Amino acid sequence: MERRRKLGRGLALLLTIGLAGASAAVPAAAEDQDGTGGGPAAQVEWGECPADVVAQAQPHVLTCATVPVPLDYAEPDGEQIDVMISRLASTNPAERRGILLLNPGGPGSAGLDFPAVLKTRGMPDSVLDAYDLIGMDTRGVGHSTPVDCRFTMDDAYFSNVPPYAVDDAAVLANADVARSAAEQCARNDTEGHMQHVTTANIARDLDQVRAALGEDKASFLGYSYGSALGAAYASLFPETSDRVIIDSNLGDTALDREGLRRFGLGTEQTFPDFARWAAKRHAAYGLGRTPAQVQATYFETAERLDQNPVEGLDGTLFRFVSFAGLYGESSYAGLAQTWQSVRSGDGEAALRLAETFRPDIGFGAGPAGVGATAAGEPWPASNAWSAYLAVTCNDVNWSENVDTYREAVAEDRQRYPLYGAATANVTPCAFWSNEPVEPPVQITDEGPRNLLIMQNRRDPATPHLGAELAREKFGERARLVSVDGSGHGVYVIGGNACALNVGTAYLVDGEMPRRDQACRAD
């Protein structure tokens with residue numbers, strides 16, 4: 001059980017919805033915007049980034065600064081908290097047009113090194129010339145003023161992605177774990193910060209950062225949960241948001257129950273890509289000569305592990321590992337090796353292989369940290385999980401009736417048999433101590449046409465339906481670029497040439513497609 005929990009925690013840090021400074025700013029508030037701001041714009045003081053960010057960003061050099069923001073925007077002159085930002089500055093003043101705010105997903109993902117990640121992954125020079133890339137640890141996360149439920153290795157709660165429930169009794173058992181996690185978060189929120197960690201407030205923080213940097217407008221690029229943040233930002237601040245790309249879309253400004261359940265749909269749509277890949281390599285991995293046989297291998301292996309776990313790896317964790325492996329084709333070989341080890345009875349090898357999964361963009365991505373702590377000690381992912389829970393539980397009201405989850409799990413076990421009985425399961429949000437302080441941000445179709453929505457046709461966590469929903473809500477403010485591709489992440493991350501060209505033309509030259517566009521597979 002301990003090994004299962006330990007591995008689950010390491011992978012959950014990668015999959016809760018992202019990728020993956022000693023300096024201080026001059027304290028000041030941003031310009032007033034929509035009644036939420038304070039005073040005039042201020043200059044930040046750039047300096048060295050914290051040592052861990054420097055190490056993650058190498059060989060690229062980032063600078064960092066801290067921007068104070070109101071804890072509660074209803075009381076802008078009240079308690080202030082810190083948001084740390086990073087900068088990969090344009091080195092071409094003649095081409096620079098402004099700042100590009102970045103978000104790698106989450107909620108809960110540290111983002112200070114994200115400018116360096118995108119440059120390493122091939123962000124075009126024309127974009128690097130046009131913008132200072134601005135990374136951020138959003139409120140509650142990392143080097144910004146953090147929140148922390150103080151999760152440890154001893155806690156039964158080990159994943160922000162709900163565990164697969166093999167039967168109704170498993171749903172009830174998980175409800176007890178979820179309740180305990182929610183109570184732990186409430187018990188450790190001693191400063192009362194957690195209820196103010198919301199998507200709406202993070203979007204307001206973005207505009208505070210824009211003003212603090214002395215910019216009239218800010219562009220934005222966000223992936224996965226970052227699509228919800230970008231949608232909220234463009235809706236709250238249509239006049240100061242410039243060119244906005246939202247990639248791998250939730251379909252709204254919050255991750256709610258239906259959004260989480262769509263993980264099941266995404267898995268059903270994406271798994272056939274892995275099955276075809278594995279079938280072509282049957283001679284190497286022995287997982288099935290046809291995609292149908294590979295899928296049969298999945299079900300047979302999971303059900304066998306439900307009854308007889310192999311050295312700490314049970315059916316629930318096997319399904320979770322398989323879900324993680326669908327985030328991109330770069331994970332397919334590791335996933336196939338893991339299946340092979342499980343089927344040969346080598347659970348230790350399977351666990352070691354699973355620990356190497358590093359999806360490019362996931363829910364709460366960051367260093368896996370597997371094996372980094374002893375029982376009873378703080379878990380390195382605790383802050384990321386805590387911020388994830390704060391945002392998802394504070395953004396919307398979640399049902400408190402466990403029976404609704406029992407019914408949903410039973411329905412999605414049939415509707416999405418690969419993984420639906422996981423993503424419909426109970427989360428700590430069902431037992432959250434705080435009611436939302438405000439309703440979620442409503443997407444508005446009033447404002448400039450400045451939203452470029454980018455989406456793979458097959459995405460295990462944010463299926464294409466999310467992009468369709470966002471496109472409908474934004475109306476003529478947006479255009480949708482649909483890529484005949486598989487995995488989580490499109491612009492720069494996904495590697496599709498058409499999508500890279502369209503996104504770059506928009507960011508650099510403002511060329512928005514005249515109509516929705518389909519990009520063929522490379």
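The values are calculated or read from the model by the stated rules, or taken from the named source; none is laboratory data. Here the structure is a predicted model, which is why all the values come from computation and not from measurement. Please note: Cβ atoms are built from the backbone with ideal geometry, for glycine as well, and neighbour counts cover all protein chains shown. Each accessible area value is taken on the protein alone, full model and side chains, heavy atoms only, with ligands, DNA and RNA left out. Shrake-Rupley method; radii C 1.70, N 1.55, O 1.52, S 1.80 Å.
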Residues in the stretch 472-510 that are exposed (fewer than 14 other Cβ atoms within 10 Å of the Cβ), more than 19 Å from D252 (Cα to Cα) and out of contact with any Lys or Arg (no Cβ under 9 Å at 6 or more places or on another chain) total 3
Sole miss for F158 among (1) assigned to a loop (DSSP other than H, G, I, E, B); (2) at pLDDT 95 or above is condition (2)
Taking first residues from the stretch 419-445 that are closer than 30 Å to T316 by Cβ and second residues anywhere that are among the basic types (K, R) and open to solvent by less than 50 Å² (accessible area, probe 1.4 Å), the pairs with Cβ under 9 Å that are 6 or more apart or on different chains are Y419/R319; G420/R261; A421/R319; A422/R319; T423/R261; T423/R262; A424/R261
Worksheet item: Does the stretch 42-62 include one or more residues that are small (G, A, S), touching a Ser or Thr at 6+ places or on another chain (Cβ under 9 Å) and at pLDDT 55 or above?
Response: yes
Might you let me know whether the stretch 97-115 holds any residue that is in a helix (DSSP H, G or I) and either at pLDDT 95 or above or within 18 Å of A234 (Cβ to Cβ) (or both)? yes
Checked the stretch 86-122 for anything open to solvent by 10 Å² or more (accessible area, probe 1.4 Å) and either within 17 Å of I246 (Cβ to Cβ) or touching a Ser or Thr at 6+ places or on another chain (Cβ under 6 Å) (or both); matches are R87, R96
Selection from the stretch 447-471 of residues open to solvent by 70 Å² or more (accessible area, probe 1.4 Å), more than 23 Å from T392 (Cα to Cα) and either within 22 Å of the chain's Cα centre (by Cα) or modelled with pLDDT under 95 (or both) yields R457
Of the candidates T290, T253, T270, the one satisfying the condition of being open to solvent by 50 Å² or more (accessible area, probe 1.4 Å), in contact with a helix residue (DSSP H, G or I) (Cβ under 6 Å, 6 or more places away or on another chain) and either at pLDDT 95 or above or of a type in the set (F, W, Y) (or both) is T290
Of A350, A302, the only residue that is in a helix (DSSP H, G or I), over 30 Å from P104 (Cα atoms) and within 27 Å of the chain's Cα centre (by Cα) is A302
**Item:** Qualifying residue in the stretch 1-13 (condition: in contact with a helix residue (DSSP H, G or I) (Cβ under 7 Å, 6 or more places away or on another chain), crowded, with 22+ Cβ neighbours inside 10 Å, modelled with pLDDT under 50 and hydrophobic (A, V, I, L, M, F, W, C))
**Value:** yes
